[in-house]
Amino acid sequence: MDLLKRMHERHGEEWRTISVDLHSCGLSLEGWKTIEKNYPNIFLSLSDVINSRSENHVHLIKGCAEDRLLAESDYDNIQHSVSQTWKMVEKIANLRGWEVETSWEEEAPPLEKWGVVRRLERNWLQFQAGNHPEIVHKSRRLRKQHQYYPSDESEEE
């Protein structure tokens, strides 16, 4: 996490123009949540062959923001990469309670009806595009105030 902090400090706004994949990520959920909260350009990528060795991947899948999750195979051979990636896609669908699409419509249905493939496609497209928005942290008092007065967008402390 020190490296991410240094990169952010060194490159400023330019840091958010690129996307970073934590390949076969083995971080704890708490570690991932810290990254997710502070770095909008970091994505969590999991593979069955590596991550299934530990139950930690289940917590990561369930706890990761749905728009930061990617699936991978961790194989460089196409004969294994498709089936292994699909295995992780099915695992994500099962753990998140998302359907696996059996057909594809070019016009996307409402977000609440999206299945795992459409969600992962959106994430991949966001990953490819880069240029991630800045994360603005509100104080606890402002978050609580916003809860009670949602139309009040005041940033005063």
When the charge dipole of the chain is computed with +1 on Lys and Arg Cβ and -1 on Asp and Glu Cβ about the Cα centre, the Cα farthest towards its positive end, among GLY115, LEU4, SER45, belongs to LEU4
So what is log10(I(q)/I(0)) for the chain at q = 0.09, 0.12, 0.16, 0.17 1/Å, when the Debye sum runs over its Cα atoms only?
-0.36, -0.63, -1.03, -1.11
Per the helix-only calculation at 222 nm, which mean residue ellipticity applies to the chain, given -39500 (n - 2.57) for every DSSP H run of n ≥ 4 and division by its residues, nearest 500 deg cm²/dmol?
-14000 deg cm²/dmol
With all pairs of different alpha carbon atoms counted, what Kirkwood hydrodynamic radius in Å does the stretch 46-103 show?
11.8
With the 1.4 Å probe rolled over protein heavy atoms, the chain has an accessible area per residue in Å² of 66
For LEU70, net neighbour charge (Lys/Arg +1, Asp/Glu -1) across residues whose Cβ lies under 15 Å away
-2
List every residue whose amide H lies under 5 Å from the amide H of SER45, counting only residues 5 or more places away in sequence or on a different chain, with H placed 1.01 Å from N in the peptide plane.
LEU22, SER24, CYS25, LEU70
Mind counting lysine pairs for me in the chain? Cα separation below 25 Å, and the two need to be 8 or more apart along the chain or on different chains.
18
The chain - percent of accessible surface contributed by carbon and sulfur, probe 1.4 Å:
50
Using the Karplus curve 6.51 cos²θ - 1.76 cosθ + 1.60 with θ = phi - 60°, what ³J(HN,Hα) values do you get for each residue of the stretch 28-44, in whole Hz, with x for Gly and Pro?
6, 4, 4, x, 4, 4, 5, 5, 4, 5, 10, 10, x, 9, 9, 10, 9
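The values are calculated or read from the model by the stated rules, or taken from the named source; none is laboratory data. If you're wondering where the values come from, they're calculated on a predicted model, not measured in any experiment. Glycine also receives a Cβ, built like all others from the backbone with ideal geometry; neighbour counts cover every protein chain displayed. In case anyone asks, the SASA skips ligands and DNA or RNA and just uses the protein heavy atoms, side chains included. Shrake-Rupley method; radii C 1.70, N 1.55, O 1.52, S 1.80 Å.
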